[in-house]
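As structure tokens, the structure follows; a few thoughts come after it.
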Amino acid sequence: MTRMLASVCTLEETELALAGGADIIDLKDPARGALGALPEPQVRTIVDQVRRRRPVSATVGDLPMDPATLVARVRRMSVTGVDYVKVGLTGEPGTEACVEALGRLATGVRLVAVLFADRAPDLGLVARIGAAGFTGVMLDTADKRSGALPGLVSRRKLTAFLALGRNLGLVTGLAGSLREADVPELLALEPHYLGFRRALCGGASRVGRLDPAALERLRGMIPAPALPAEPAGALG
């Protein structure tokens, strides 16, 4: 069953997302890029507020493909208490070395790799991500001006990406300026989760305030699981 991930950046938004039935609380600063990171103390405060009611993920920022930098940031974010740490992998030189280095942390940290549809991602990297021990992989967009994910990637390629991830035992996710109109088509592909920010703000701006009515509409389009997603388990 596909779950609903809501990206939030404040305590107030966290409570709105919880009240609106989000299955996964994702912490990021949309004003700082596709994977803008919140300060670790703020992440820790939000994790404490959620109190295990839902799984919490957090990004480490839009960072260069430098193994030492990524490892250090993942370690810092992991001690905030989040259930999952999301890491952007751009495909630039150094990406494979980053996957290998991060794999050494995977026994103690649930890592979710983020690939970017608007940067010609190498799907061959998914196999390396799986072999390194990552928990999940998702397809997102780096430049939010490039449009919604389904307009950038064909249904055939999305299906192939999801099948590859599932066959490797990875939790799979789709995000990237998703609109309400995209939900039925993407649900049919059965990703483990769909991620939203702009649509939760009424579709106008991803840096706007969360709109409870938009959250309610999306929740109504994505069947809620019989039980909440368990923080200690996989996102799927």
Conditions: (1) in a loop (DSSP other than H, G, I, E, B); (2) of a type in the set (S, T, Y); (3) within 17 Å of the chain's Cα centre (by Cα). T107 meets all but one. Number of the miss?
(3)
Which of the residues belonging to the range 52-66 are under 19 Å from A19 (Cβ atoms) and assigned to a loop (DSSP other than H, G, I, E, B)?
R52, R53, R54, P55
Out of Q42, Q49, sole residue that is at pLDDT 95 or above, in contact with a helix residue (DSSP H, G or I) (Cβ under 8 Å, 6 or more places away or on another chain) and in a helix (DSSP H, G or I)
Q49
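Which residue, of G136, G169, is under 14 Å from the mean Cα position of the chain (by Cα) and modelled with pLDDT of 95 or more?
The conditions single out G136.
Let's see how each residue does on (1) at negative phi; (2) at pLDDT below 95; (3) among the small types (G, A, S):
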site: A175; (1), (2), (3): yes, no, yes
site: A181; (1), (2), (3): yes, no, yes
site: L187; (1), (2), (3): yes, no, no
site: F196; (1), (2), (3): yes, no, no
site: G203; (1), (2), (3): no, yes, yes
site: R209; (1), (2), (3): yes, yes, no
site: P228; (1), (2), (3): yes, yes, no
site: P231; (1), (2), (3): yes, yes, no
Quick check on this structure: which one of V79, V56 is surrounded by fewer than 18 Cβ atoms within 10 Å (Cβ to Cβ), in contact with an Asp or Glu (Cβ under 9 Å, 6 or more places away or on another chain), within 18 Å of R110 (Cα to Cα) and among the β-branched types (V, I, T)?
V79
Test: residue in the range 86-96 that is among the hydroxyl-bearing types (S, T, Y), in contact with a Leu (Cβ under 8 Å, 6 or more places away or on another chain) and closer than 28 Å to P184 by Cα
no
Of all residues making up the range 1-39, the number that are in contact (Cβ under 8 Å) with a residue 40 or more places away in the chain and in a strand (DSSP E or B)
9
Output yes when any residue across the range 175-186 is in contact with a Gly (Cβ under 8 Å, 6 or more places away or on another chain), outside any loop (DSSP other than H, G, I, E, B) and charged (D, E, K, R), and no when none is.
yes
Being more than 23 Å from Q42 (Cβ to Cβ), surrounded by fewer than 20 Cβ atoms within 10 Å (Cβ to Cβ), in contact with a strand residue (DSSP E or B) (Cβ under 8 Å, 6 or more places away or on another chain) and touching a residue at least 40 places away in the same chain (Cβ under 8 Å): is that true of T90 here?
yes
For the subset of the range 133-174 comprising residues that are in contact (Cβ under 8 Å) with a residue 60 or more places away in the chain, in a strand (DSSP E or B) and not acidic (D, E), which member is surrounded by the fewest Cβ atoms within 10 Å (Cβ to Cβ)?
V171
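The values are calculated or read from the model by the stated rules, or taken from the named source; none is laboratory data. Remember, predicted model here, so these are calculated numbers, not experimental data. Heads up, the Cβs are rebuilt from the backbone with ideal geometry, glycines too, and the neighbour counts pull from every protein chain shown.
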